[in-house]
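Peer 1: Take this structure first; my questions come after.
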Amino acid sequence: MPVFFFISGYLIRRYIDEVDWRTSLDKRIWSIVWVLALWGILQWQALTHLNAWLAPDRELATSSNAAYADSLAGFVRGMLTASTSLWYLYALVVFFTLCKLLSRWKLPVLGLLALASIAINFLPLPWWGMNSVVRNMIYYSLGAWYGAELMAWMKSFNLRRTWLATGAFAAVSVVLWFANVPLLLSLLSIVLIMKLFYSLEQRYAVHPNSLLNVIGSNTIAIYTTHRILIEAFSLILIGEMNAAYWPVWAELCLILIYPFASLLICTLAGLGVRKISTALFGDLFFSPPSTRSLSPATR
């Protein structure tokens, strides 16, 4: 998630510094709130019915996740406290709002966010989703406030010349990760992953319809739909394995290929749902009505 939030912050830099609040409310906040609310309801209903159908005897922790809520009040409470599989959408709304409000005090706020990202690992809040929100805001803020400078530095960063320093930083980061302080390792992962993609871009021709661009532009569709699919896969396969119908070798093969197969299926399903949403409903499932009604010239 650190890389996702860094890129998300980097992509909205102009809205932080140049775009007024009214336009930002429509383009950056309302559009995400729409998807969060709509898919929160869809996930809640889908997971509730899947469990009632495939695992009627399963005891669900109804207060731990809005998608497992047993009442409307519980669902709303879970969504408001980010106790939802869609907590990253909740985070995007909070992060953008705070970054735009606090952009005059970037450096001191970044220091506080770094401290908060560390402290939340030792002094967690009662809501797991809110803990993730606090932990990840530092990465979004770096992208939103200093993304251009950091991207320029990462492009010029020569790993071969600094391998010793990078290795030492990585070793310290791993030690701190074991001490429940993942901040440095997350920052290192951002640099290395962004450097990797930049190198791939330099080596291979990149165009709007390339695989990575298509997946990147449909990230939200993949994220929102995959939770329902994973729940269905888990309920079906766990039931099969608990029944001991399969031979040991088949169970081992399933365990080995499941992560890759589920990633492929969820990616293709997300892309398919987005295509259907666009073709049949004007992208209603991923864009709010007001945004969809705007002419292309005003987008």
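Peer 1: Using 0.36 nm times the number of residues separating Ala165 and Ile257, minus their current alpha carbon distance, what extension gain do you get?
Peer 2: 29.5 nm
Peer 1: Could you state the number of Å between the C-alpha centres of the stretch 83-134 and the stretch 165-234?
Peer 2: Result: 19 Å between the Cα centres.
Peer 1: Same structure again: What value, in deg cm²/dmol to 500, does the helix sum -39500 (n - 2.57) over DSSP H runs of n ≥ 4 give at 222 nm once divided by the residues of the chain?
Peer 2: -24000 deg cm²/dmol
Peer 1: Checking the a/c ratio against 1.5 first, then a/b against b/c, what shape does the Cα gyration tensor give for the stretch 30-118?
Peer 2: Note, shape of the stretch 30-118 comes out prolate.
Peer 1: May I pose another question? How would His226, His49 line up by accessible area, probe 1.4 Å, largest first? Working shown, then result.
Peer 2: Values: His226 65, His49 115 Å².
Greatest to least solvent exposure: His49, His226.
Peer 1: Is the stretch 73-129 rounded, prolate or oblate when judged by the Cα gyration tensor, a ≥ b ≥ c being the square roots of its eigenvalues, rounded requiring a/c under 1.5 and prolate requiring a/b larger than b/c?
Peer 2: Oblate shape, in that a/c is at least 1.5 and b/c is the bigger or equal ratio.
Peer 1: Grab the Cα-Cα distance for Met154 and Asn209, subtract it from 0.36 nm times how many residues apart they are, and report the gain in nm with one decimal.
Peer 2: My answer for the length gained is 17.3 nm.
Peer 1: With a ≥ b ≥ c taken as the square roots of the eigenvalues of the C-alpha gyration tensor of the stretch 175-285, please select rounded if a/c is under 1.5 and otherwise prolate if a/b is larger than b/c or oblate if it is not?
Peer 2: Details: a/c = 1.98, a/b = 1.16, b/c = 1.70.
Oblate.
Peer 1: In nm, to one decimal, how far is the Trp21 label point from the Leu101 one, both placed 7 Å along Cα→Cβ?
Peer 2: Result: 1.0 nm between the two label points.
Peer 1: So what are the three principal axis dimensions of the chain from its Cα atoms, in whole Å, longest to shortest?
Peer 2: The principal-axis extents, from largest down, are 55, 50, 46 Å.
Peer 1: Could you give the length gained on full extension between Ser64 and Thr278, defined as 0.36 nm per residue of separation minus the Cα-Cα distance, in nm?
Peer 2: Using 0.36 nm per residue and subtracting the Cα-Cα distance, I get 73.8 nm.
Peer 1: Given a 1.4 angstrom probe, what's the average accessible area per residue across the chain, in square angstrom?
Peer 2: Result: 58 Å² of accessible area for each residue.
Peer 1: If you don't mind, there's one more thing I want to ask. Per residue Cα convex hull volume for the stretch 211-251, in cubic angstrom?
Peer 2: Enclosed volume per residue, from the Cα hull, is 75 Å³.
Peer 1: Ignoring ligands and nucleic acids, what accessible area does Asp20 show with a 1.4 Å probe (Å², nearest 10)?
Peer 2: Probe radius 1.4 Å; accessible area of Asp20 about 80 Å².
Peer 1: Highest mean first, what order results for 96-102, 35-41, 260-266 on Cβ atoms within 10 Å?
Peer 2: 35-41, 96-102, 260-266
Peer 1: With an 8 Å Cα cut-off and a minimum separation of 6 or more residues, compute the relative contact order for the chain in percent.
Peer 2: Computed over the chain, the figure is 25 percent.
Peer 1: When the C-alpha atoms of the stretch 87-195 are aligned to their principal axes, what extent does each axis show, in angstrom, from largest down?
Peer 2: Principal extents (Cα only, largest first): 42, 31, 24 Å.
Peer 1: Taking all protein chains as present, what is the carbon and sulfur share of the accessible area of the chain, in % to the nearest whole number, probe 1.4 Å?
Peer 2: The computed percentage sits at 70.
Peer 1: Between Lys195 and Asn180, what is the spin-label point distance in nm, taking each point 7 Å from the Cα along the Cα→C-beta axis?
Peer 2: If labels sit at Lys195 and Asn180, their model points lie 3.1 nm apart.
The values are calculated or read from the model by the stated rules, or taken from the named source; none is laboratory data. Quantities reported herein were computed from a predicted structural model and do not represent experimental measurements. Here the Cβ is made from the backbone with ideal geometry for all residues, glycine too, and neighbour counts use every protein chain on show. We work out accessible area using only protein heavy atoms, side chains counted, and drop any ligands, DNA or RNA first. Shrake-Rupley method; radii C 1.70, N 1.55, O 1.52, S 1.80 Å.
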